[in-house]
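Okay, so here's the structure we're looking at.
Since every read-out is calculated from the coordinates, none of them should be taken as a lab result. As the structure is a prediction and not an experimental result, all values here were calculated from the model. Positions of Cβ are generated from backbone atoms using ideal geometry, with glycine treated the same way; all protein chains shown enter the neighbour counts.
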Amino acid sequence: MSGNEPIFIAEAAVARGGDGPPQEFVVFMVVWGLLGLGSFLFFHFNRSAALKRQIWPAFNVGIGLIFGAFVYFIMGRAQPQVLYLMVPAVIFVSFLNIRTTRFCDSCGKTLYRQPIFSQKRFCPHCGSELH
């Protein structure tokens, strides 16, 4: 290298003789951070409740699959029994995310953290009735 090329985090960890985090972990953190930022921007600033309602279940399933794949590649190849705990946990968390998130048709806000077995009837931001 001439010194002018960018050094990526994963390449830097390998260049240090493996003292840094595993390359899979670095890739996971970068992808997870980008997914987190992208989903925050979309679900926070997009005002189309219908579009968010349509995307939300598939998004949660996709995020669960990506998380499961990374756990498998980081730990599961060496310890496949970790999947016995991880798969049900990912399914449960995805179910809770889908179940407890609502979208207001009036203001388009994404409403998180509803009680699991009851649902809000009115939007706390605009007061409109939720359907």
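For this structure, a couple of remarks:
- Simple spin-label estimate for GLN119 and SER106 gives 1.7 nm between the two label positions (7 Å along the Cα-to-Cβ direction from each Cα).
- With a simple spin-label model that places each label point 7 Å from the Cα along the Cα-to-Cβ direction, the separation between GLN81 and LEU96 comes to 2.5 nm.
- Each peptide in 64-71, 50-57 receives the mean, over its residues, of other Cβ atoms within 10 Å, and ordering these scores from highest gives 64-71, 50-57.
- A simple charge model with +1 on the Cβ of Lys and Arg, -1 on the Cβ of Asp and Glu and nothing else charged puts the dipole of region 9-101 at about 460 debye relative to its Cα centre.
- Between the listed residues GLN54, ASN97, LEU83, the Cα displaced farthest toward the positive end of the dipole of region 9-101, a dipole computed from Cβ unit charges relative to the Cα centre, is found at GLN54.
- Whole-angstrom gap from region 57-131 to region 25-53, using each part's C-alpha centre: 13 Å
- The gain in end-to-end length when the VAL61 to PHE40 segment is fully stretched comes to 5.9 nm, 0.36 nm per residue minus the alpha carbon separation.
- When you count the other C-beta atoms within 10 angstrom of each residue and take the mean per peptide, 83-92, 20-29 line up highest first as 20-29, 83-92.
- Counting other Cβ atoms within 10 Å as a rough exposure proxy, the listed residues THR110, THR100 run THR100, THR110 from fewest neighbours to most.
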